[in-house]
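The values are calculated or read from the model by the stated rules, or taken from the named source; none is laboratory data. Everything numeric in this text was worked out from a predicted model, so none of it was measured. FYI the Cβ positions are ideal-geometry reconstructions off the backbone, even for glycines, and counts take in every protein chain you see. SASA here: full protein model, heavy atoms, side chains in, ligands and nucleic acids out. Shrake-Rupley method; radii C 1.70, N 1.55, O 1.52, S 1.80 Å.
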Amino acid sequence: MTKATAVIVGGGLNALGIVRSLAAQRVPMILVSSGSGPAWHSRHARHHVVREMEGEALIAALKSIAASLPARPVLFLTEEKSVSSVSERRQELFSDYLITLPEEQTLANLMHKEGFQKLAIDCGSPVPAAVRLQTERDLEQLCDLRFPCVLKPAFKHYGYGDRFKKAYVVASAAEASARYREIAPVLADLVVQEWIEGADSDIYFCLQYVTANQRPAASFVGRKLRSWPPRIGGTASCIAAPECHDELSDMTSLFFRQVGFVGMGSMEYKRDCRDGRFYMVEPTVGRTDFQEEVATVNGVNIPFAAYCVETGASLPPGQYLQPPKIWRDPIVDRWSAEEQGRADALPAADVVDAYWRANDPMPWCALTWERVRARCQTLLPGWR
């Protein structure tokens with residue numbers, strides 16, 4: 001019997017992790033991307049180039065791909081802009097693809113930081129206090145917060161990402177106000193949230209795939225080891241955290257059930273070093289997480305579990321491997337280690353390079369070539 005095809009939208013490390021997770025189970029795949037990124041260089045998927053990863057260009061490409069296949073494919077998304085486009089056009093795509101998404105408004109609320117904050121408070125979930133800034137008048141609300149705080153965009157905004165850091169730690173209301181005025185011409189919708197004391201290694205996450213009847217088909221808990229930029233950035237390296245599985249998996253499942261979330265998602269937590277409690281930081285919904293592959297290399301293949309649920313196949317067994325393995329983005333992990341002055345701080349464990357695989361070497365080769373070319377351009381101006 002021919003297996004259903006998986007269609008993966010995206011070209012980054014996130015998408016590469018899905019490709020390799022499904023390739024291990026011999027799932028046929030089509031990668032939809034702009035023709036660049038590490039996933040583009042993988043040998044495991046056929047390629048379909050699309051002009052934009054959102055909007056009409058993406059929807060048209062997805063409909064064309066589905067029409068060319070003998071059965072409904074399973075759709076995997078890796079970027080927020082793609083999630084928004086698919087959600088808005090779900091009535092057209094649900095007949096073409098197998099994908100589970102929550103109701104459109106639920107998804108939109110969870111993708112917006114203030115929307116998530118309100119839902120979490122309503123559900124009695126542990127979240128740090130926060131205020132939303134949209135105009136100068138909102139700066140008065142800053143006096144209600146305990147500083148230091150973290151200032152970040154209320155939603156994923158690519159114009160913001162081109163010019164500013166993922167987030168800023170601000171020590172006072174005055175500093176938060178000054179930073180807001182700097183950013184507002186590009187994005188005026190920001191959130192200021194009370195800072196949770198702790199290191200990168202106090203940041204945990206629970207990755208899940210939740211079925212349409214709100215039962216987690218797969219759940220994995222891990223923790224970051226380093227972030228880039230340190231303390232406020234994305235994952236540079238991470239490891240399985242089975243010792244926290246029961247607590248964080250239960251917390252995540254309860255919250256998702258309370259708000260009606262289904263499909264691919266995750267929740268980030270931070271353990272406050274002052275009281276040892278876990279606080280919810282933010283969810284990722286409708287798509288896989290950047291470090292999704294850490295679950296696969298540690299024995300819990302969430303993309304394949306989602307594929308099995310969508311196609312009606314039997315769920316594979318999934319349990320944490322021992323000893324745990326580290327998943328690492330080598331470039332940003334090195335930057336993080338150098339900035340923090342602790343290059344040997346990773347725990348003793350096998351390290352899985354996010355790019356390198358002996359049976360799929362081209363993503364690593366492409367990365368290495370880019371690094372060599374950048375170095376040559378620095379040393380030899382005019383070199384191409």
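In the range 1-10, the residue that is nearest to S64 (Cα to Cα) out of those that are of a type in the set (G, A, S) and open to solvent by less than 10 Å² (accessible area, probe 1.4 Å) is A6. Evaluated against (1) of a type in the set (A, V, I, L, M); (2) under 15 Å from the mean Cα position of the chain (by Cα); (3) part of a loop (DSSP other than H, G, I, E, B), V221 falls short on exactly one condition, (3).
Residues to consider are E104, E54, E114, E88; find the one that is more than 20 Å from T288 (Cα to Cα) and either open to solvent by 30 Å² or more (accessible area, probe 1.4 Å) or under 18 Å from the mean Cα position of the chain (by Cα) (or both).
Working: E104 fails: more than 20 Å from T288 (Cα to Cα); E54 fails: more than 20 Å from T288 (Cα to Cα); E88 fails: more than 20 Å from T288 (Cα to Cα).
Exactly one of E104, E54, E114, E88 is more than 20 Å from T288 (Cα to Cα) and either open to solvent by 30 Å² or more (accessible area, probe 1.4 Å) or under 18 Å from the mean Cα position of the chain (by Cα) (or both), namely E114.
When the strands (runs of 3 or more DSSP E) confined to the range 111-170 are screened for residues that are of a type in the set (A, V, I, L, M) and at pLDDT below 90, none reaches at least 2 such residues. Does P73 meet the test of being open to solvent by less than 10 Å² (accessible area, probe 1.4 Å), farther than 21 Å from D189 by Cβ and touching a Phe, Trp or Tyr at 6+ places or on another chain (Cβ under 7 Å)? For P73, the condition - open to solvent by less than 10 Å² (accessible area, probe 1.4 Å), farther than 21 Å from D189 by Cβ and touching a Phe, Trp or Tyr at 6+ places or on another chain (Cβ under 7 Å) - is met. Which one is surrounded by the most Cβ atoms within 10 Å (Cβ to Cβ) among residues in the range 193-205 that are at pLDDT 95 or above and not hydroxyl-bearing (S, T, Y)? Among them, the one singled out is F205.
In the set (1) under 30 Å from V7 (Cα atoms); (2) exposed (fewer than 14 other Cβ atoms within 10 Å of the Cβ), the condition left unmet by Y97 is number (2).
Counting residues that are open to solvent by 20 Å² or more (accessible area, probe 1.4 Å), which helices (runs of 4 or more DSSP H) fully inside the range 287-348 reach at least 3?
Working: elements: 293-297, 302-311, 330-340.
Helices (runs of 4 or more DSSP H) meeting the threshold: 302-311, 330-340.
Out of the residues in the range 80-118 that are among the charged types (D, E, K, R) and touching a residue at least 40 places away in the same chain (Cβ under 8 Å), which is nearest to T284 (Cα to Cα)? Steps first, please.
Applying the first criterion (among the charged types (D, E, K, R)) to the range 80-118 yields 80-81, 88-90, 92, 96, 103-104, 113-114, 118.
From the residues that got through so far, the ones that are touching a residue at least 40 places away in the same chain (Cβ under 8 Å) too are 80-81, 103, 113-114.
On the way: E80: 9, K81: 13, E103: 15, K113: 11, E114: 14 Å.
The qualifying residue nearest to T284 (Cα to Cα) is E80.
Checked against (1) touching a Gly at 6+ places or on another chain (Cβ under 8 Å); (2) surrounded by fewer than 17 Cβ atoms within 10 Å (Cβ to Cβ); (3) closer than 30 Å to G312 by Cα; (4) not small (G, A, S), V186 passes all but a single condition, namely (3). Scanning the range 12-49 for residues that are open to solvent by 10 Å² or more (accessible area, probe 1.4 Å) and under 17 Å from the mean Cα position of the chain (by Cα), which turns out farthest from I326 (Cα to Cα)? Checked the range 12-49; the qualifying residue farthest from I326 (Cα to Cα) is G37. Here Q208 meets the list (1) modelled with pLDDT of 95 or more; (2) at positive phi almost entirely, failing just condition (2).
If you take the residues in the range 228-246 that are at negative phi and at pLDDT below 95, which one is surrounded by the most Cβ atoms within 10 Å (Cβ to Cβ)? Spell out the reasoning first.
Taking the range 228-246 first, the residues at negative phi are 228-230, 232-246.
From the residues that got through so far, the ones that are at pLDDT below 95 too are 228-230, 232-234.
Numbers: W228: 22, P229: 17, P230: 15, I232: 17, G233: 18, G234: 14.
Applying the filter and picking the extreme gives W228.
Just to be sure I understand the filter: pairs with C-beta atoms under 6 Å, separated by 6 or more residues or on different chains, first member in the range 356-370 and under 12 Å from R43 (Cα atoms), second member at pLDDT below 95 and not polar (S, T, N, Q). Which pairs pass? Pairs that qualify, where the first residue is under 12 Å from R43 (Cα atoms) and the partner is at pLDDT below 95 and not polar (S, T, N, Q): there are none. Of the residues making up the range 252-269, those that are touching a Phe, Trp or Tyr at 6+ places or on another chain (Cβ under 7 Å) and open to solvent by 10 Å² or more (accessible area, probe 1.4 Å) number 2.
Among the conditions (1) in contact (Cβ under 8 Å) with a residue 60 or more places away in the chain; (2) open to solvent by less than 20 Å² (accessible area, probe 1.4 Å), Y160 misses just one, which is (1).
Listed by position, the helices (runs of 4 or more DSSP H) enclosed by the range 34-105 that each have at least 1 residues that are touching a Ser or Thr at 6+ places or on another chain (Cβ under 6 Å) are 55-67.
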